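Let me begin by presenting the structure, written as structure tokens, before commenting on it.
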Amino acid sequence: MRQSRRNVLRRFFYAGLFGTSLACSNRSQPQNSLESGSQSIRRTIRVAAAADLKFAMDELIRAFHHEEPQIAVTVSYGSSGNFYSQLSSRAPFDMYFSADVSYPRRLAEQGAAYQGSEFAYAIGRLVVWVPAGSPIDVAKMKIEALRHPSVRHVAVANPKHAPYGRAAEAAMRSLGVYETVADRLVYGENVAQTLQFVQSGAAEIGIVALSLALAPSVHGQGHYWEIPLDSYPRMEQGGIILKWTQQAEAAQSFRSFALAPAGRQILKNYGFYLPEE
Amino acid sequence: MDWIAIGLSVRLSLWTTFILLLVGLPIAYWLTFSKRRWKFLVEALVALPLVLPPTVLGFYILLAIGPKSPVGRFYTETTGWVLPFSFQGLLIASVLYSLPFAVQPFASAFKSVDRRLIEASWCLGVSRLHTFWHLIVPLSQPGLITGMVLSFAHTLGEFGVVLMVGGNLPGITRTVSISIYDEVQALNYEAAAQTSLLLLCISFLVLAVTYGLQRRFSAAWPMS
């Protein structure tokens with residue numbers, strides 16, 4: 001009895017092993033043929049990007065890949081402040097797209113930037129967002145929507161380290177609603193988690209990035225009202241190429257792509273204003 | 001140093017330990033003495049938080065206690081409060097998250113009690129409940145203490161689940177680990193270092209005292 005059970009287990013084990021090896025070989029094959037076909041070495045750049053870029057960056061990379069198929073771009077999304085402290089300890093990224101230009105600027109001052117690689121790529125925009133079934137007419141009530149009686153929790157990004165959180169707080173103060181909603185604020189780790197809080201229904205309303213509200217998977221799931229640009233400090237978004245990159249050339253070509261008309265158009269479609277506009 | 005967060009974490013850990021004692025004892029008892037064939041399914045279920053990433057747990061909990069779920073709606077209708085971003089919500093998350101850390105030591109302690117003593121007690125006409133309180137519990141004391149200390153320490157160090165469901169409210173859901181994370185991200189390394197050191201000392205002390213006491217009881221290692 002025990003012997004046979006052990007045999008069954010062993011058979012499962014080998015089946016699993018076989019399955020994994022099959023999957024691995026399948027995956028590696030097309031890549032090999034691609035490399036030998038184009039006769040160029042496939043290079044990978046690693047990008048640390050602010051959470052508000054989640055969808056725009058994916059699109060940007062798709063478009064870039066079309067133009068430069070031999071360069072692969074892998075992205076990690078998170079809060080800009082978190083990346084800043086990781087990069088201060090030489091986190092192994094080649095490029096950094098921050099939601100706040102001050103972080104890359106500070107890194108450059110510390111000598112962590114590849115020479116002359118600082119760039120500004122977008123201006124962030126804030127929206128008040130409610131899910132589709134919400135009783136709040138956010139387009140009509142505007143910022144007053146935060147004071148709607150059905151609101152128990154207002155989700156914002158953590159102002160301590162997320163640029164969108166700082167901007168949201170500044171906007172609430174300048175529009176005069178901060179005092180009344182202060183005790184209803186809940187803080188997302190970054191602006192994407194903030195949106196997730198509202199989407200899940202855990203918070204009734206939130207202040208998020210327009211770039212997230214416009215994303216294909218979010219659009220149609222909710223309504224938003226854009227907070228006027230002049231009610232919070234301009235959210236200049238910038239980045240750098242890191243000094244320790246092994247792929248300076250590849251990183252530079254991705255940087256130029258993001259700043260060229262094609263890249264700018266993508267950022268614009270995803271709800272960013274552009275610098276010099 | 002963030003004393004509010006430290007106080008909150010200690011409070012959360014104490015409550016979690018208390019509830020796990022209430023919930024964990026019957027579960028562990030059932031797991032030890034039941035003869036059901038599907039017992040292994042419950043064992044697997046209890047052990048799940050050991051292997052599941054806190055993000056998975058946190059994600060499910062946020063959905064489960066949110067106003068869109070039956071549980072969340074029932075709670076709001078009966079109490080008028082909402083569970084997400086509240087101490088109670090965090091407490092539910094912590095109890096689930098630390099469940100195996102209480103139940104497993106409890107169960108293995110029960111298992112190590114000499115079966116003949118238990119059966120002798122039953123045969124002499126002592127009720128099951130009475131046997132449990134006056135025989136099994138005293139004899140498995142070291143395991144019970146280990147379970148409680150591990151629940152306490154594990155909740156004190158809980159991070160991922162709190163990040164997912166807490167909402168970072170000072171005094172309500174901003175626990176020590178979240179506070180440290182915030183300070184690091186806001187580049188206040190000094191404050192982070194102080195709180196981290198304190199947490200390290202508390203955790204070490206709690207474990208050292210427990211294992212020191214265990215030696216007196218000369219019990220077998222209960223986690224195996």
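The values are calculated or read from the model by the stated rules, or taken from the named source; none is laboratory data. Since this is a predicted model, take the numbers as computed values, not measurements. Neighbour counts run over all protein chains shown; Cβ positions are idealised from the backbone, glycine included.
For the range A:62-83, enumerate the residues that are modelled with pLDDT of 90 or more and either more than 16 Å from the chain's Cα centre (by Cα) or surrounded by 14 or more Cβ atoms within 10 Å (Cβ to Cβ) (or both). The answer is A:Ala63, A:Phe64, A:His65, A:His66, A:Glu67, A:Glu68, A:Pro69, A:Gln70, A:Ile71, A:Ala72, A:Val73, A:Val75. Evaluated against (1) closer than 23 Å to B:Leu163 by Cβ; (2) crowded, with 21+ Cβ neighbours inside 10 Å; (3) within 13 Å of chain B (Cβ to nearest Cβ); (4) not hydroxyl-bearing (Ser, Thr, Tyr), A:Ala48 falls short on exactly one condition, (3).
For the range A:106-120, the candidate set comprises residues that are in contact with a strand residue (DSSP E or B) (Cβ under 7 Å, 6 or more places away or on another chain) and part of a helix (DSSP H, G or I); within that set, the residue that is surrounded by the fewest Cβ atoms within 10 Å (Cβ to Cβ) is A:Ala108. Checked against (1) touching a residue at least 60 places away in the same chain (Cβ under 8 Å); (2) part of a helix (DSSP H, G or I); (3) not aromatic (Phe, Trp, Tyr), B:Leu96 passes all but condition (1).
The single condition among (1) modelled with pLDDT of 90 or more; (2) surrounded by fewer than 17 Cβ atoms within 10 Å (Cβ to Cβ) that B:Ser140 does not satisfy is (2).
Do any helices (runs of 4 or more DSSP H) entirely within the range B:117-224 hold 1 or more residues that are under 22 Å from the mean Cα position of the chain (by Cα), and if so, which?
Values: elements: B:128-131, B:141-156, B:160-165, B:176-185, B:189-217.
Answer list for the range B:117-224: B:141-156, B:160-165, B:176-185, B:189-217.
Quick check on my filter: what residues within the range A:233-253 are crowded, with 23+ Cβ neighbours inside 10 Å and of a type outside the set (Val, Ile, Thr)? First the steps, then the outcome.
Restricting attention to the range A:233-253, the residues satisfying the condition of being crowded, with 23+ Cβ neighbours inside 10 Å are A:235, A:237, A:239-242, A:251.
Those that are crowded, with 23+ Cβ neighbours inside 10 Å and of a type outside the set (Val, Ile, Thr): A:Met235, A:Gln237, A:Gly239, A:Leu242, A:Ala251.
Residues that are outside any helix (DSSP H, G or I) and of a type in the set (Lys, Arg) were ranked within the range A:222-269; the one that is nearest to A:Gly116 (Cα to Cα) is A:Lys243.
Within the range B:165-176, can you find the residues that are crowded, with 22+ Cβ neighbours inside 10 Å and within 11 Å of another protein chain (Cβ to nearest Cβ)? Working first, answer last.
Here is the first cut: in the range B:165-176, the ones crowded, with 22+ Cβ neighbours inside 10 Å are B:165-168, B:173-176.
Once the filter is applied, which keeps residues that are crowded, with 22+ Cβ neighbours inside 10 Å and within 11 Å of another protein chain (Cβ to nearest Cβ), the range B:165-176 yields B:Val165, B:Gly166, B:Gly167, B:Asn168, B:Thr173, B:Arg174.
The residue of the range B:78-92 that is surrounded by the most Cβ atoms within 10 Å (Cβ to Cβ), among those that are among the hydroxyl-bearing types (Ser, Thr, Tyr) and over 22 Å from the mean Cα position of the chain (by Cα), is B:Thr79.
Working carefully through the options B:Tyr29, B:Tyr75, B:Tyr60, B:Tyr97, find the one that is surrounded by 21 or more Cβ atoms within 10 Å (Cβ to Cβ) and out of contact with any Gly (no Cβ under 6 Å at 6 or more places or on another chain). Talk me through it step by step, then tell me what you get.
On the way: B:Tyr29 fails: surrounded by 21 or more Cβ atoms within 10 Å (Cβ to Cβ); B:Tyr75 fails: surrounded by 21 or more Cβ atoms within 10 Å (Cβ to Cβ); B:Tyr60 fails: surrounded by 21 or more Cβ atoms within 10 Å (Cβ to Cβ).
Going through B:Tyr29, B:Tyr75, B:Tyr60, B:Tyr97 in turn, the sole match is B:Tyr97.
Would you check if there is a residue in the range A:198-206 being of a type in the set (Asp, Glu) and surrounded by fewer than 21 Cβ atoms within 10 Å (Cβ to Cβ)? No, there is no match, as no residue in the range A:198-206 is of a type in the set (Asp, Glu) and surrounded by fewer than 21 Cβ atoms within 10 Å (Cβ to Cβ). For the structure I just gave you, tell me whether B:Phe18 is modelled with pLDDT of 95 or more and part of a helix (DSSP H, G or I). Yes; evaluated as a whole, the condition is true for this residue.
Restricted to the range A:219-235, and to residues there that are modelled with pLDDT of 90 or more and under 18 Å from A:Ala132 (Cβ atoms), the residue that is farthest from the other protein chains (Cβ to nearest Cβ) is A:Glu226. Of the listed requirements (1) within 16 Å of B:Gly166 (Cα to Cα); (2) within 8 Å of chain B (Cβ to nearest Cβ); (3) of a type outside the set (Gly, Ala, Ser), A:His161 misses just one: (1). So, of the residues in the range A:182-191 that are under 20 Å from A:Pro163 (Cβ atoms) and touching a strand residue (DSSP E or B) at 6+ places or on another chain (Cβ under 7 Å), which turns out to be farthest from the other protein chains (Cβ to nearest Cβ)? Looking at residues that are under 20 Å from A:Pro163 (Cβ atoms) and touching a strand residue (DSSP E or B) at 6+ places or on another chain (Cβ under 7 Å), I get A:Val191.
The one condition from (1) without any contact (Cβ under 8 Å) to a residue 60 or more places away in the chain; (2) under 30 Å from B:Glu190 (Cα atoms) that B:Ser34 does not meet is (2). When B:Phe85, B:Phe40, B:Phe74 are checked against the criterion of being assigned to a helix (DSSP H, G or I), within 14 Å of another protein chain (Cβ to nearest Cβ) and over 22 Å from B:Val149 (Cα atoms), B:Phe40 stands alone in meeting it. For A:Ala171, only one of the following conditions fails: (1) farther than 22 Å from A:Gly238 by Cβ; (2) modelled with pLDDT of 95 or more. What is its number? Here A:Ala171 meets the rest and fails (1).
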